Amino acid sequence: MSLITKTYLFLLLSVASLFGGGLWKDNQDPVSFKVVLSKSSMGINERIRVDFVMNKDGDNFVPPSFKDFRIVMGPSQAISSSWVNGVRSFSKTFSYTIAPTRKGNLTIAQAQIEIDGTTYKTSAQKVTVTDAVKKPSEDMTAEDVANENLYLVAEVSNANPYLNEMVTVVYKLYVGADISVTNFRPLDNPTFNNFWNQDIPVTQYTFQSGTYKGKPMQYVALKKVVLYPQKSGELKLEPLVLDITAEVPTNRRDFFGGRLYAQTNKTVTAGNRIIQVKPLPEAGKPASFNGAVGKFDFFVRTSKNILNANESLQAVVEVNGNGNLKLFQVPELKLPAALEVYEPEFEEKITTNLSGMNGKISNSYTVVPAYKGKYPIPSIDFSYFDPSLEKYINLTAAPVLVNVIEGPTYNENPRNNNNTAASTIKQAVTENNAFGFIKTKTSLIPIAQNTFFNSKNFWLLILIPFAILLLTVLIYRLITTKKTDQVSTLSKRAQRLAKKFLSEAKGKKANKDAFYVALEKGLQLYLKGKLTLDNADFNKENIHNIFTQKSISTETTGLLITLLEHCEAARYSPFTAVEIEEDYLNAISAISQLDAQL
């Protein structure tokens with residue numbers, strides 16, 4: 001576009017602004033008249049730009065005297081007018097470039113102008129003038145301006161937390177006046193070693209007013225992270241490093257007096273931060289404490305309290321509140337032996353934001369009573385550490401009574417007590433004739449010539465041992481068959497549950513924590529069913545010994561032990577998608593190998 005064309009367009013817009021009142025509606029905002037400084041602190045060999053900006057046209061502009069300054073350029077005048085949705089916006093600016101004549105805290109006095117018959121004045125502005133700088137502002141390149149006006153800061157909510165206490169880190173980019181950030185990309189992201197961490201998504205980058213080292217600037221939050229330290233002592237936060245593309249003002253101006261901008265790239269870093277993590281106090285630590293830190297509520301509830309034998313109920317143990325909900329286990333429910341209890345189903349509903357983890361975790365037990373009676377579910381203790389109070393809090397869930405009203409009676413000691421009635425021996429003794437029972441006369445009868453051989457008693461005595469042996473064999477086979485059926489049933493149930501949880505784990509590969517919880521449940525249920533192990537006997541050392549006794553291969557044993565260790569470590573360590581996929585395939589392979597070898 002030629003210079004003549006630009007001039008013509010400018011005049012046309014000016015005429016339209018003067019005579020367009022019938023077509024356009026003027027901006028109805030209150031009158032504004034203010035002063036804008038390019039910076040408030042400078043060296044004595046630098047220059048400063050002063051803009052007097054009004055949103056309505058005025059007359060009789062009177063600039064300040066600029067005492068202690070000399071005018072290098074100006075005044076220059078720029079007018080901006082625009083129409084948006086039929087509303088006219090207007091801006092007029094008088095600009096000066098001035099240089100200080102001495103050091104110290106100098107003042108730019110008030111300017112004034114008349115707008116619609118009313119006189120408006122700007123406020124006086126303070127300027128700090130220091131010793132000469134190596135490179136005056138007018139000689140600074142775009143990179144120099146960016147270096148002085150772009151800062152990346154990591155703001156840590158608590159630099160001295162307790163172990164497992166929530167810490168937030170917000171990475172803010174501070175931008176100086178007139179600087180415009182057009183793009184950024186991370187060059188190095190912190191890994192947050194020794195911290196459980198979760199990013200809080202930033203959906204919109206909005207600049208807000210703030211100050212950095214006493215200098216007014218704009219800032220935008222680029223990254224937000226919630227951390228829970230997993231180790232006490234001095235922990236280091238690695239820096240976030242960004243590559244910033246920015247547009248910075250130059251000393252050149254266009255035809256209309258507007259400042260021209262230059263694009264530059266700058267690498268900014270938030271620097272290392274040190275977090276000093278305090279260990280949890282040993283004094284007053286309850287026996288029921290298992291690592292919970294925050295503020296929680298705790299209770300036990302049942303779906304019903306009155307039922308018949310062989311009906312089922314759900315017993316739920318729940319912890320809810322704010323704290324490290326993903327980093328400790330729900331207390332285990334203890335039930336009477338007469339109640340059949342299945343492996344609990346774990347559920348978590350947790351949201352994580354800048355206030356930390358909020359929500360609940362719970363274990364739901366399926367309970368089936370087999371006998372009539374009243375069965376108490378005893379009270380359970382749950383303890384947590386409250387960082388704000390710096391002390392342990394112990395909560396106790398009230399006991400629950402389960403009343404089974406119909407069904408067979410349960411004998412807690414089904415042993416044979418061998419309580420037989422004592423036989424009474426009666427002996428008739430006549431006091432007056434103590435020897436009257438002795439007969440003095442006999443009547444002898446010849447004994448029949450019957451032989452014992454081939455008699456009934458003979459064959460009876462011969463057959464009784466064989467009958468006892470046959471009965472023993474039958475009873476043994478019956479007991480063995482029953483045990484085999486029970487083991488087979490447990491094994492089949494273990495395989496079904498293992499397949500269920502492995503299928504669940506497959507669907508949760510995108511969520512590391514949910515995947516490893518499902519995988520761990522599947523492996524535990526499978527091994528307990530296959531090896532007929534109780535909860536108390538389920539540990540890696542015992543599993544290794546049983547595998548050795550059953551001649552399970554070293555490869556299969558090592559694979560299963562490694563999978564169990566990965567499930568435990570997943571609560572505290574990051575795992576990649578490749579590692580998750582590898583653990584899933586290894587679990588299927590290990591179960592197949594163990595089935596074949598058993």
Here are some conditions: (1) modelled with pLDDT under 85; (2) assigned to a loop (DSSP other than H, G, I, E, B). E143 meets all but one. Which one does it not meet? (2)
Do we have P281 as surrounded by 15 or more Cβ atoms within 10 Å (Cβ to Cβ), of a type outside the set (A, V, I, L, M, F, W, C), touching a residue at least 40 places away in the same chain (Cβ under 8 Å) and part of a loop (DSSP other than H, G, I, E, B) here? no
How many residues are surrounded by 13 or more Cβ atoms within 10 Å (Cβ to Cβ), under 25 Å from N60 (Cα atoms) and touching a Lys or Arg at 6+ places or on another chain (Cβ under 8 Å) if we restrict to the stretch 114-136? 2
Would the stretch 160-169 turn up any residue that is at pLDDT 90 or above, under 26 Å from A246 (Cβ atoms), assigned to a strand (DSSP E or B) and not assigned by TED's automatic domain parsing to the domain that holds L354? yes
Name the pairs: first residue in the stretch 356-372 and of a type in the set (D, E, K, R), second residue part of a strand (DSSP E or B) and surrounded by fewer than 20 Cβ atoms within 10 Å (Cβ to Cβ), Cβ to Cβ under 6 Å, at least 6 apart or on different chains? K360/E318; K360/N320; K360/K349; K372/T409
Selection from the stretch 357-394 of residues that are acidic (D, E) and farther than 26 Å from P281 by Cα: none
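Among V225, V300, which is assigned to a strand (DSSP E or B), assigned by TED's automatic domain parsing to the domain that holds V341, out of contact with any Cys (no Cβ under 6 Å at 6 or more places or on another chain) and within 30 Å of K391 (Cβ to Cβ)?
Exactly one residue qualifies, and that residue is V300.
Checking the structure you have, find out if any residue of the stretch 255-276 is assigned to a loop (DSSP other than H, G, I, E, B), surrounded by 19 or more Cβ atoms within 10 Å (Cβ to Cβ) and either under 15 Å from the mean Cα position of the chain (by Cα) or not basic (K, R) (or both).
Looking only at the stretch 255-276, we keep the residues that are assigned to a loop (DSSP other than H, G, I, E, B), and these are 255-258, 270-272.
Next cut, surrounded by 19 or more Cβ atoms within 10 Å (Cβ to Cβ) only: 270.
Imposing the further condition that a residue be either under 15 Å from the mean Cα position of the chain (by Cα) or not basic (K, R) (or both) reduces the set to 270.
Yes.
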Within the stretch 223-240, work out how many residues are without any contact (Cβ under 8 Å) to a residue 60 or more places away in the chain and surrounded by fewer than 18 Cβ atoms within 10 Å (Cβ to Cβ). 4
When you scan the stretch 54-73, do you find a residue that is surrounded by fewer than 16 Cβ atoms within 10 Å (Cβ to Cβ), at positive phi and in a strand (DSSP E or B), even just one? yes
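The values are calculated or read from the model by the stated rules, or taken from the named source; none is laboratory data. Computed from a prediction, not measured in an experiment: that's the story for all the values here. Here Cβ is always computed from backbone atoms with ideal geometry, including for glycine, and neighbour counts include all displayed protein chains.
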